[in-house]
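A short worksheet on the structure shown next.
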Amino acid sequence: MRASLLGTLTIAGLLVAAGPGQAHHSFTAIFDPEDPIDLTGTVTKVEWGNPHTWFYIDVENENGDIENWAFELGSSNHLLRRGWNRNSLQVGQLVTVLGSRERAGGLIAAVRTLTLSTGESLFGAQDESQ
């Protein structure tokens, strides 16, 4: 009986510990590295966080309409290690984003590099190796 209880608790503990790891998605399941984007626009919102940081920019499309694109970056820890800080990206900044578009075709992409209006480039910490 005691061994059975210990076995059950061990299995339950392993399942609880494995849960968060299963929730993270594969890059290529969501984004298409064969569908690159290169967009320039004005930052409208920045959301620092884990497991990913997000920002949004207004981009003028071919018809002259404004579209609000969402961009996924790596985690805030990855970004900090790559030279970012919470002031690197501010609402109102003009930026150029190179990345991979979402497979579903929405206005969502993963960032490879972000170039600020100053010419400074920052790595997005989001690629198929993560």
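Here, each number is a calculation from the coordinates, and none is a lab measurement. As the structure is a prediction and not an experimental result, all values here were calculated from the model. Cβ sites come from the backbone with ideal geometry, for glycine too, and all protein chains shown count toward neighbours.
Over segment 26-123, what relative contact order in percent results from Cα pairs under 8 Å that are six or more residues apart?
The normalised contact order for segment 26-123 reaches 32 percent.
Taking 0.36 nm per residue of separation and subtracting the Cα-Cα distance, what length does fully extending T118 through R82 add?
Additional length available on full extension: 11.2 nm.
With a 10 Å radius around each residue's Cβ, average the other Cβ atoms per peptide and rank 52-61, 88-97, highest first.
Highest-to-lowest ranking by the protection proxy: 52-61, 88-97.
Could you give the dipole magnitude of segment 26-123 about its Cα centre, charging the beta-carbon of Lys and Arg +1 and that of Asp and Glu -1, in debye to the nearest 20?
With only Lys, Arg, Asp and Glu charged at Cβ, the dipole is about 600 debye.
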